[in-house]
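The values are calculated or read from the model by the stated rules, or taken from the named source; none is laboratory data. As the structure is a prediction and not an experimental result, all values here were calculated from the model. We place every Cβ from the backbone using ideal geometry, glycine too, and count neighbours over all the protein chains shown. Note: areas computed on protein heavy atoms with side chains; ligands, DNA, RNA excluded. Shrake-Rupley method; radii C 1.70, N 1.55, O 1.52, S 1.80 Å.
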Amino acid sequence: MSIDRDGRDGNGKPGGRERFRPVDHPNDHFLLTTVVGSYPKPGWLTDVRERHEADGDAVTDDEWTEAVDDASRLITGEHERAGLDVVCDGEMRREEMVEFFARRIGGYEFKGPVKVWGHNYFDKPSVVSEVSYDEPWLREEYEFTADVAERPVKVPITGPYTLATWSFDEVYDDDGALAYALADLINEEVSGLVAAGARYIQIDEPALATTPEDHAIVGECLERIVAGLPDDVRLCLHVCYGDYSQICPEIDDYPIDEFDVELANGDYEQLDVFADADFEHDLGLGVVDAHTPTVEPVAEIEANIRQGLTVVPPEQLTVSPDCGLKILPREVAYAKLENMARAARNVEADLDSGEIDPDALRAEGP
Amino acid sequence: MEHVATTAGLFPLPDAQRERLVNLTGRGTGGLIDGDESADVAAAYDAARERLVATQREAGLDRVVEGHARWDDMLAHPLCVHENVRAGDVVRYYDNNNFYREPVITGPLTEDGDLAADLSAAARLTDRLQAVVPGPYSLTDLARDEQYGSFAALLNGIADFLAGEVAAFPDAVETVFVLEPSLVTSPPADDAHERVRDALDAVNDAIDADVVVHTYWGALGEKLHAHLLDTDVAALGYDLVSAHEECVYLVQEYGTADSVALGVVDGQNTRVEAPETVADRLSWFRESVPVSDFETVYAAPNTELFYLPVRAFEDKLGALAAGVETVRAEVSE
């Protein structure tokens, strides 16, 4: 495997990930391990938040800031202790993936909770005037995390199509128009993050799974997001819980470096979608289920990683959970990540020793 | 021509009961409705019903629905509380960011009176009662079958079940809205159209009230629309919010039932229509179709209303009633 240490991998992609290889990495092969984003919050953080919201004197703004900083430091460290190569802070400053951004984007208003399922509600925001960029959304989160982390930091951002689709749009009256306006704002935000040092950005578009026929809108959004960004910014797109065949091969043309998918939950039934030779992005493969509290044993995760090697070569395979882990008990989330990192290292060793022949796996297919 | 301001039901839970129920049952699937609620939970739903009926009365609607606060699983509710149905995985509800417990049918669907009990409670609160039920095709589409063995047998079984439920409705029910979004979103194959027609007729024949088959999220296919015109239902419903041109085309080309239901308020957007907008949409439809006189025009939101926050939901009911009032004044001039 030829490796260019200045950040280009064997395929010569400037958005490649070889630069994320830890200096003490034990194997020649490198299957980048990372997370999708959210992670269970420490119980005390929820407690402090509720007390802060109920009474600003009982828990002051400064005390709340100290608490989220502590949580961010704690979970970033927890990711590193689990052995991940690229980490984040588990989104300790965020409560919900649309609401967090809608509270920071001009033009949004909250009109009350709406049902998602059963007795679970979310504050679905309404766009009541043209959206605008007023101040950085994630700069503080990124700078703090990057400062406390020993490993490189990835920044997950809810994508413009999901932000648009999961909002009430009272203004734009067009499927794409709101998403495009939001994509321009995300471009501004990402440019700021890049200026602050971020090089690994993940755009989360779960809404695309629901309405795959809008893949062209998401493609145009991504073009707007990458406009003017340096080539060495690694852009990942995460889409979960959908029928991937509906958006392939269209995603082959997206301006991304990595496509991150949830496949462990469906026992890799959709894996053959990515066996197409035209799929040239790196594949971010979900290898632990984010919905089940059963911790997958290392051997099972190794088998899942080998599934990924039936469709892409090792230098194109990133290893991650299916999705954000925030609904799991924290000890379960940690155990899954620890087993995942261990499984990746084991598979790398097997690749190094020749016990796993990736060419043969790909020739056989899923 | 009579104009009737009404809704397709499935309202958002009032704030007080939403919070009360979370405290009583938690947020997991174990806390959801199973037809065997505790006294405290039942009391919360009774309070929700009273509030929702009062909201409709205050808004000035001409038909009042029960509100369906208990329908945790939206249109799948009548199955989810049935003794021969198992709650399956939590799955996506149509193309929305909403989810329901997929009902897995494990035994015969005998009528159980769940809907009638709620309607009887509502009948004590209003004398303008309208029932809402899922259509047999949509309920078939939302369920998983381990009992009937074929689509045809399942559709018949569900139609018989719904007919049994509807037959038990209290006499106070004046109108029954039968919601059939699946006829648009995942339409039956051509060779199943007659079965769907017969299933709807089975429900229609079970009650001596005006039955309105309402569709939304687009327009019906032309052939399927023609088969629905062969039923004996009083009215067909059209979604003028998402597909006004396609719906008008159907009526222009093929006619419609003696009465129509028109979705003229967006059930999935917080932007509250002005009463004039409601009136304009109703007038536009009337002027666009070659029908000189409908018996009744039911003016309604296009969809269920649980997608909205409570305040927007309430404002929309007011706008709808005011818009219909405007049209009544125009028509009588």
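In the set A:Leu182, A:Leu178, which member is touching a residue at least 60 places away in the same chain (Cβ under 8 Å) and either within 14 Å of chain B (Cβ to nearest Cβ) or closer than 28 Å to B:Asp266 by Cα (or both)?
Values: A:Leu178 fails: touching a residue at least 60 places away in the same chain (Cβ under 8 Å).
Just a single option satisfies the conditions, and that option is A:Leu182.
Output the residues belonging to region B:287-333 that are free of Cβ contacts under 8 Å to residues at least 40 places away in the same chain and either over 21 Å from the mean Cα position of the chain (by Cα) or open to solvent by less than 10 Å² (accessible area, probe 1.4 Å) (or both). Give the derivation first.
In the first step, residues of region B:287-333 are kept if they are free of Cβ contacts under 8 Å to residues at least 40 places away in the same chain; the result is B:287, B:290, B:292, B:311, B:329, B:332-333.
Of everything in region B:287-333, those that are free of Cβ contacts under 8 Å to residues at least 40 places away in the same chain and either over 21 Å from the mean Cα position of the chain (by Cα) or open to solvent by less than 10 Å² (accessible area, probe 1.4 Å) (or both) turn out to be B:Glu287, B:Pro290, B:Ser292, B:Ala329, B:Ser332, B:Glu333.
How do the helices (runs of 4 or more DSSP H) wholly within region B:1-95 filter down when requiring 2 or more residues that are within 14 Å of chain A (Cβ to nearest Cβ), at pLDDT below 95 and open to solvent by 60 Å² or more (accessible area, probe 1.4 Å): which remain? Give the steps one after another, and end with the answer.
Values: elements: B:15-25, B:39-59, B:77-80.
Fully inside region B:1-95 and qualifying: B:15-25.
Hey, does region B:232-239 have a residue that's surrounded by fewer than 21 Cβ atoms within 10 Å (Cβ to Cβ) and touching a residue at least 24 places away in the same chain (Cβ under 8 Å)? Give the derivation first.
Taking region B:232-239 as the starting set, the residues that turn out to be surrounded by fewer than 21 Cβ atoms within 10 Å (Cβ to Cβ) are B:232.
With touching a residue at least 24 places away in the same chain (Cβ under 8 Å) added as a condition, the list becomes B:232.
Scanning region B:232-239, I find at least one residue that is surrounded by fewer than 21 Cβ atoms within 10 Å (Cβ to Cβ) and touching a residue at least 24 places away in the same chain (Cβ under 8 Å), so the answer is yes.
Mind checking which residues of region B:253-273 are open to solvent by 40 Å² or more (accessible area, probe 1.4 Å) and either touching a Ser or Thr at 6+ places or on another chain (Cβ under 7 Å) or of a type in the set (D, E, K, R) (or both)?
First, pick out the residues of region B:253-273 that are open to solvent by 40 Å² or more (accessible area, probe 1.4 Å): B:253-254, B:258, B:268, B:271-272.
Those that are open to solvent by 40 Å² or more (accessible area, probe 1.4 Å) and either touching a Ser or Thr at 6+ places or on another chain (Cβ under 7 Å) or of a type in the set (D, E, K, R) (or both): B:Glu253, B:Asp258, B:Gln268, B:Arg271.
Here is a list of conditions, (1) away from chain B (no Cβ under 14 Å); (2) outside any loop (DSSP other than H, G, I, E, B); (3) on the phi > 0 side of the Ramachandran plot, and A:Glu80 meets all of them except one; can you say which number that is?
Condition (3) is where A:Glu80 drops out.
Of the residues in region B:14-36, how many are in contact with a Lys or Arg (Cβ under 8 Å, 6 or more places away or on another chain) and not hydroxyl-bearing (Ser, Thr, Tyr)?
Of the residues in region B:14-36, 5 are in contact with a Lys or Arg (Cβ under 8 Å, 6 or more places away or on another chain) and not hydroxyl-bearing (Ser, Thr, Tyr).
Where the second residue is aromatic (Phe, Trp, Tyr) and assigned to a helix (DSSP H, G or I) and the first is farther than 16 Å from B:Val324 by Cβ and lies in region B:50-77, which pairs have Cβ atoms under 6 Å and are six or more apart or on separate chains?
B:Ala69/B:Tyr45; B:Arg70/B:Tyr45
Have a look at A:Glu188, A:Glu130, A:Glu143 and point out the one that is open to solvent by 50 Å² or more (accessible area, probe 1.4 Å), assigned to a strand (DSSP E or B), over 17 Å from A:Val35 (Cβ atoms) and of a type in the set (Asp, Glu).
Values: A:Glu188 fails: assigned to a strand (DSSP E or B); A:Glu143 fails: assigned to a strand (DSSP E or B).
Testing whether each residue is open to solvent by 50 Å² or more (accessible area, probe 1.4 Å), assigned to a strand (DSSP E or B), over 17 Å from A:Val35 (Cβ atoms) and of a type in the set (Asp, Glu) leaves just A:Glu130.
Give the residues of region A:173-185 that are open to solvent by less than 10 Å² (accessible area, probe 1.4 Å) and within 14 Å of A:Arg104 (Cα to Cα), sorted by residue number. Quick ask: steps written out before the conclusion?
As a first pass, look at region A:173-185 and keep what is open to solvent by less than 10 Å² (accessible area, probe 1.4 Å): A:176, A:178-179, A:182-183.
Of everything in region A:173-185, just one residue is open to solvent by less than 10 Å² (accessible area, probe 1.4 Å) and within 14 Å of A:Arg104 (Cα to Cα), namely A:Leu182.
If you go through region A:66-77 one residue at a time, do you hit one that is outside any helix (DSSP H, G or I), surrounded by 20 or more Cβ atoms within 10 Å (Cβ to Cβ) and not polar (S, T, N, Q)?
So in region A:66-77, the residues outside any helix (DSSP H, G or I) come out as none.
There is no residue in region A:66-77 that is outside any helix (DSSP H, G or I), surrounded by 20 or more Cβ atoms within 10 Å (Cβ to Cβ) and not polar (S, T, N, Q).
Just give me the residues in region B:274-312 being more than 21 Å from B:Tyr254 (Cβ to Cβ) and in contact with a Ser or Thr (Cβ under 8 Å, 6 or more places away or on another chain), in sequence order.
Of everything in region B:274-312, those that are more than 21 Å from B:Tyr254 (Cβ to Cβ) and in contact with a Ser or Thr (Cβ under 8 Å, 6 or more places away or on another chain) turn out to be B:Pro275, B:Glu276, B:Val278, B:Ala279, B:Ala299, B:Ala300, B:Pro301, B:Leu305, B:Leu308, B:Pro309, B:Ala312.
I'd like the full set of residues that are more than 17 Å from A:Thr162 (Cα to Cα), of a type in the set (A, V, I, L, M, F, W, C) and more than 14 Å from every other protein chain (Cβ to nearest Cβ), limited to region A:114-146.
Hits for region A:114-146 are A:Leu138, A:Phe144, A:Ala146.
Could you tell me which of the residues B:Leu139, B:Leu129 is farther than 21 Å from B:Pro187 by Cα, away from chain A (no Cβ under 14 Å), open to solvent by less than 10 Å² (accessible area, probe 1.4 Å) and not small (Gly, Ala, Ser)? Give the derivation first.
On the way: B:Leu139 fails: farther than 21 Å from B:Pro187 by Cα.
Unique residue meeting the criteria: B:Leu129.
Please go through region A:107-118 and give me each residue that is open to solvent by 40 Å² or more (accessible area, probe 1.4 Å) and in a strand (DSSP E or B), ordered by number.
A:Glu109, A:Phe110, A:Trp117
Residue under question is A:Glu170, and the condition is that it be under 30 Å from B:Phe313 (Cβ atoms), in contact with a His (Cβ under 9 Å, 6 or more places away or on another chain) and surrounded by 17 or more Cβ atoms within 10 Å (Cβ to Cβ); does it hold? Steps first, please.
On the way: under 30 Å from B:Phe313 (Cβ atoms): yes; in contact with a His (Cβ under 9 Å, 6 or more places away or on another chain): no; surrounded by 17 or more Cβ atoms within 10 Å (Cβ to Cβ): yes.
In short, no.
Can you tell me which of (1) at pLDDT 95 or above; (2) open to solvent by 20 Å² or more (accessible area, probe 1.4 Å) is the one A:Asp232 doesn't meet?
With respect to (1) at pLDDT 95 or above; (2) open to solvent by 20 Å² or more (accessible area, probe 1.4 Å), A:Asp232 is out only on (1).
Residues in region A:240-248: is at least one of a type in the set (S, T, N, Q), within 22 Å of A:Glu262 (Cα to Cα), open to solvent by less than 20 Å² (accessible area, probe 1.4 Å) and not in a loop (DSSP other than H, G, I, E, B)?
Keep residues of region A:240-248 that are of a type in the set (S, T, N, Q), which gives A:245-246.
Applying the additional criterion that residues be within 22 Å of A:Glu262 (Cα to Cα) yields A:245-246.
Still in the list and also open to solvent by less than 20 Å² (accessible area, probe 1.4 Å): none.
Within region A:240-248, not a single residue is of a type in the set (S, T, N, Q), within 22 Å of A:Glu262 (Cα to Cα), open to solvent by less than 20 Å² (accessible area, probe 1.4 Å) and not in a loop (DSSP other than H, G, I, E, B).
Does region A:84-106 contain at least one residue that is open to solvent by 40 Å² or more (accessible area, probe 1.4 Å), within 14 Å of another protein chain (Cβ to nearest Cβ) and either part of a strand (DSSP E or B) or among the β-branched types (Val, Ile, Thr) (or both)?
Checked against the condition, which is being open to solvent by 40 Å² or more (accessible area, probe 1.4 Å), within 14 Å of another protein chain (Cβ to nearest Cβ) and either part of a strand (DSSP E or B) or among the β-branched types (Val, Ile, Thr) (or both), region A:84-106 yields no hits at all.
Of everything in region A:316-339, what is touching a residue at least 24 places away in the same chain (Cβ under 8 Å) and open to solvent by 40 Å² or more (accessible area, probe 1.4 Å)? Give them in sequence order. Talk me through it step by step, then tell me what you get.
From region A:316-339, those touching a residue at least 24 places away in the same chain (Cβ under 8 Å) are A:316-330, A:332-339; that's our starting set.
Once the filter is applied, which keeps residues that are touching a residue at least 24 places away in the same chain (Cβ under 8 Å) and open to solvent by 40 Å² or more (accessible area, probe 1.4 Å), region A:316-339 yields A:Lys326, A:Ile327, A:Pro329, A:Arg330, A:Tyr334, A:Glu338.
For the condition within 13 Å of chain A (Cβ to nearest Cβ) and among the hydroxyl-bearing types (Ser, Thr, Tyr), what is the one hit in B:Thr270, B:Thr296?
Working: B:Thr296 fails: within 13 Å of chain A (Cβ to nearest Cβ).
Only one candidate qualifies: B:Thr270.
For every residue, the table says whether it meets (1) at pLDDT below 95; (2) open to solvent by 30 Å² or more (accessible area, probe 1.4 Å); (3) among the basic types (Lys, Arg); (4) touching a Gly at 6+ places or on another chain (Cβ under 8 Å).
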| site | (1), (2), (3), (4) |
| --- | --- |
| B:Arg124 | no, yes, yes, no |
| B:Gly135 | no, no, no, no |
| B:Asp145 | no, yes, no, no |
| B:Phe151 | no, yes, no, no |
| B:Ala163 | no, no, no, no |
| B:Asp191 | no, yes, no, no |
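Please find, within region B:286-302, the residue that is modelled with the highest pLDDT out of those that are touching a helix residue (DSSP H, G or I) at 6+ places or on another chain (Cβ under 6 Å) and part of a loop (DSSP other than H, G, I, E, B).
Restricting attention to region B:286-302, the residues satisfying the condition of being touching a helix residue (DSSP H, G or I) at 6+ places or on another chain (Cβ under 6 Å) are B:288-289, B:299, B:302.
Still in the running and part of a loop (DSSP other than H, G, I, E, B): B:289, B:302.
On the way: B:Val289: 94, B:Asn302: 98.
Going through the qualifying residues, I end up with B:Asn302.
Scan region A:268-282 and tell me whether some residue there is more than 24 Å from A:Ala360 (Cα to Cα), modelled with pLDDT under 95 and open to solvent by less than 10 Å² (accessible area, probe 1.4 Å).
First pass over region A:268-282, keeping only residues more than 24 Å from A:Ala360 (Cα to Cα): none.
No, region A:268-282 contains no residue that is more than 24 Å from A:Ala360 (Cα to Cα), modelled with pLDDT under 95 and open to solvent by less than 10 Å² (accessible area, probe 1.4 Å).
I'd like to check something: does region A:322-340 contain any residue that is over 20 Å from the mean Cα position of the chain (by Cα) and over 24 Å from A:Gly43 (Cα atoms)?
The initial filter retains those residues of region A:322-340 that are over 20 Å from the mean Cα position of the chain (by Cα), namely A:331.
When the remaining residues are screened for being over 24 Å from A:Gly43 (Cα atoms), the result is none.
No, region A:322-340 contains no residue that is over 20 Å from the mean Cα position of the chain (by Cα) and over 24 Å from A:Gly43 (Cα atoms).
How about region A:191-211: which of its residues are part of a strand (DSSP E or B) and either away from every other protein chain (no Cβ under 14 Å) or surrounded by fewer than 24 Cβ atoms within 10 Å (Cβ to Cβ) (or both)? Give the derivation first.
Let us first name the residues in region A:191-211 that are part of a strand (DSSP E or B), namely A:200-204.
Within region A:191-211, A:Tyr200, A:Ile201, A:Gln202, A:Ile203 meet the criteria.
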